[in-house]
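Report on the following structure.
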Amino acid sequence: KGLTTGSHGPFFPVWGLIALHLVHRPPILPGAVAPPAERGMAVSLRGAGKADLVIRGGTIVDGTGAPSFVGDVAVTGREITAVGPSLEVQGLQEIDARGLVVAPGWVDAHTHFDGQVTWDAYLTPSTAGGVTTCVMGNCGIGFAPCQSERRNELINLVEAIEDVPGTAVHDGLRWEWETFEEYMDALSRRKLACDVAVMIGHSAVRNWVLGANMNTSDRPGGAKTKPVQPDKIKAMAAVVRDAVAAGAIGFSTSRAIYHRDMQGVLMPGSLASGEEMLALLRAIGEGGGGVFGANLDFNTYDDVPGHEFSQQKARDHLEAEWSWLETIASESAGKINMTFEAIEHNMDRIQRVEDMAARHNGLLIRTQCHVRPQGFLQSIHSRINMLILSDTYRRIVRKAHSAFRKQPGSFGKEVAALLARMQDPAVRGQVVDEADRRLKQTADAMKNHRHDDFSGLVSTLCPFSLIFPWTPGCEPDPSCSVRAVAQREGRRVMEVYYDVLVPPSGSEFGVAWRPLAGYMNKDLENTRRILENPHCIPGVSDAGAHSGIFNDANGPTHLLTHWVRDRTRGPRLPIELAVKKQTSEVARVFGLGDRGELAPGKRADINLIDLDALQMHKPFISNDLPTGATRWMQNVSGYRLTLVAGQVTFKDGQPTGALPGRFVRNPKADAAVWQGASKHVAWRPGRSEEDGALDLSKYALEAAQGGGASAIGRIARALEKDGATGTAAARSRL
């Protein structure tokens, strides 16, 4: 199974002779058949019987959903020139792909690499997992447009909502722009390991036009008392129109109760009026057309405490949201595609999408679904875990960090020292006793509605019936939970939890996992049903964000390992469907018709995958962000080669050094309508009245209890600020 090179020497990004020697291995997919006669052999576009590269004998899963077959793929330059069985095309270089799956490169619909793309050409960890196109600018979040004097505000907003460490962004982000057009020009100058496309975000547009008042109307009651004026709405629409006309793939927003800024105020645009939303979506069409990407809870009619929440107002709001979506669907004439999240308790949302698509011929609307439950990862050196309840644990963490913080490259030594200390039986006993006692105190305080510093931690991580040792499939049986094991073995749950994080011997720390969404029925059957729905695409990987909590950038790999190959708790998915969903279906939504399929004329973005060996490895914490800030990472193996635009970017999971990826401008962009409005409508200090700051951080922290990824990030920051983790430099590290 070794990967060897041809006689011309070692492997380089510029093609040498490459051969994948897989002697006597049968095809991985025994059911693969030759394509139907009518599919035949796709004739070379060059017409000369030669190609730069021919991939021979692989199991072709072409991204269209058609049956897989054993055949060849020919590539010349950046394009695929022929696909079929036994191509009579001679390649200057040829790859023996027998036993490998040959599929289009993955297209990730929902990433947050907007800042990381300026300092990390590999968009780590996505490209090592076969991703060849990333769509950025999701959830209304981004770093452009942005006045130089407003940079801190956008950095803080991204940290608050997407949990990207602000210190890392301050250190790593290369500001070469103010307008969105200048941001796209800066992206165009980057050489990358994959292509990127970007939507312009609502919060950044609000920041550009409204400045310090960007989310005044999103305060409690603000939509009525401080509405955005018509002239400002018109200005924002002009910014969106010009961005799309210059190459933005679309426009995104977030209208959900859990997305808040550092002060606890809902993010800009959360409570935007129907008039504002219609104006901004129409601007997409005016710029030539594109995608409306949204994070919608269809529930947030205002920012009110739970005890004041009105079910009737929520129902009215839901209908109002669907009303302006319906208006755009009727007006767009195929110009505006739509995509937003749907998880297991949103089945009615999928039905509405199906009904809307049936009413409007040409409307392309898709929900996005997590391919695995978002899950809160925990270890002895993660941002928060249940052991934080122990004073002794917090002192040990502080001491370990203090001992190594001034040593370059010391993070691994710090973790090893921490693990060794925690493996001491005396320490185990003391930490378990203290954490168990404090847990009971916190639970009692919560039951009796008293304040407790750890109520956010406990309400979010518990119950222990939803905490599991990490497993690759992310669909554990309930009998494997910490609570179930404790009951079965007659032990305290905190003992079992400790032993998950701290194995009694060895040098590897343990990882616990708590699903946040998608595991409501203790299995993933509802997720399977959503994934199979023709109006759903895999998405919401959040690659580049929330990595202090989890890392779901390898969702495409999970589609193959769990849903195609390994699942035991229910039906699996056909590989043809899984590949189609992650390639051509996503590309189609974003108007990227030049990729996502193995067909003549398409971009040569290709993965060669050893499906038998494909593996998701145990998550770990890395301190590879600027300033040494840490994040969860997860390696995968089994990708033998990844090609982007005809060049090999990864070989056996390692980068080759080739960086053929580029910024992709919107194919629908209409440059003729661009008017250069941004400079004329930009907010500047002193030009308009500013509303005073509003601090809702305490209210937001209370609302975050039991919440999702953004809420957990808020709780973690609060614990770090208060010193509850015992880590003085936690903010800069984490």
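The values are calculated or read from the model by the stated rules, or taken from the named source; none is laboratory data. Quantities reported herein were computed from a predicted structural model and do not represent experimental measurements. Every residue, glycine as well, gets a Cβ built from its backbone with ideal geometry; the counts of neighbours run over all protein chains shown.
The stretch 48-118 holds strands (runs of 3 or more DSSP E) entirely within its bounds, and those carrying 2 or more residues that are touching a Ser or Thr at 6+ places or on another chain (Cβ under 8 Å) and within 18 Å of Ala645 (Cα to Cα) map to 50-60, 69-76, 79-84, 101-104, 106-108. Screening Asp453, Asp444, Asp424 for residues that are surrounded by fewer than 16 Cβ atoms within 10 Å (Cβ to Cβ) and touching a residue at least 12 places away in the same chain (Cβ under 8 Å) leaves exactly one candidate, Asp453. Is there a residue being crowded, with 23+ Cβ neighbours inside 10 Å and hydrophobic (A, V, I, L, M, F, W, C) anywhere in the stretch 298-307? Checking the stretch 298-307: not a single residue is crowded, with 23+ Cβ neighbours inside 10 Å and hydrophobic (A, V, I, L, M, F, W, C).
Across the stretch 186-238, the number of residues qualifying as among the polar types (S, T, N, Q) and under 20 Å from Ile141 (Cβ atoms) comes to 6.
Taking the stretch 273-307 as the range and being touching a residue at least 60 places away in the same chain (Cβ under 8 Å) and part of a helix (DSSP H, G or I) as the test, the residues that pass are Leu280, Glu286, Gly306. Can Arg398 be described as modelled with pLDDT under 90, buried (at least 17 other Cβ atoms within 10 Å of the Cβ) and within 26 Å of Asp163 (Cα to Cα)? Taking the combined requirement at face value, the residue satisfies it.
Take the conditions in contact (Cβ under 8 Å) with a residue 24 or more places away in the chain, outside the structural domain of Trp470 (by the TED database) and either surrounded by fewer than 24 Cβ atoms within 10 Å (Cβ to Cβ) or touching a Leu at 6+ places or on another chain (Cβ under 9 Å) (or both) and apply them to Ala553. Does it pass? Yes: the conditions hold for Ala553. Does Tyr183 satisfy the condition of being within 22 Å of Met136 (Cβ to Cβ), in contact with a Pro (Cβ under 9 Å, 6 or more places away or on another chain) and among the aromatic types (Phe, Trp, Tyr)? Judged against the criteria, Tyr183 is a match.
Scanning the stretch 133-160 for residues that are in contact with a strand residue (DSSP E or B) (Cβ under 7 Å, 6 or more places away or on another chain) and over 24 Å from Lys679 (Cβ atoms), we see that the one that is surrounded by the most Cβ atoms within 10 Å (Cβ to Cβ) is Asn138. Considering the conditions (1) in contact (Cβ under 8 Å) with a residue 40 or more places away in the chain; (2) surrounded by fewer than 24 Cβ atoms within 10 Å (Cβ to Cβ), Val73 is excluded by exactly one of them, (2). Given the condition in the same structural domain as Val196 (by the TED database), within 19 Å of the chain's Cα centre (by Cα) and surrounded by 24 or more Cβ atoms within 10 Å (Cβ to Cβ), answer yes or no: does some residue in the stretch 276-283 qualify? Looking through the stretch 276-283, none of the residues is in the same structural domain as Val196 (by the TED database), within 19 Å of the chain's Cα centre (by Cα) and surrounded by 24 or more Cβ atoms within 10 Å (Cβ to Cβ). The one condition from (1) modelled with pLDDT under 95; (2) buried (at least 21 other Cβ atoms within 10 Å of the Cβ) that Ala517 does not meet is (2). Residue selection: Ala103 fails the criterion of being under 17 Å from the mean Cα position of the chain (by Cα) and either surrounded by 22 or more Cβ atoms within 10 Å (Cβ to Cβ) or of a type in the set (Phe, Trp, Tyr) (or both).
Identify all residues within the stretch 284-297 that are surrounded by fewer than 21 Cβ atoms within 10 Å (Cβ to Cβ) and over 23 Å from the mean Cα position of the chain (by Cα); write none if there are none. Passing the criteria: only Glu286.
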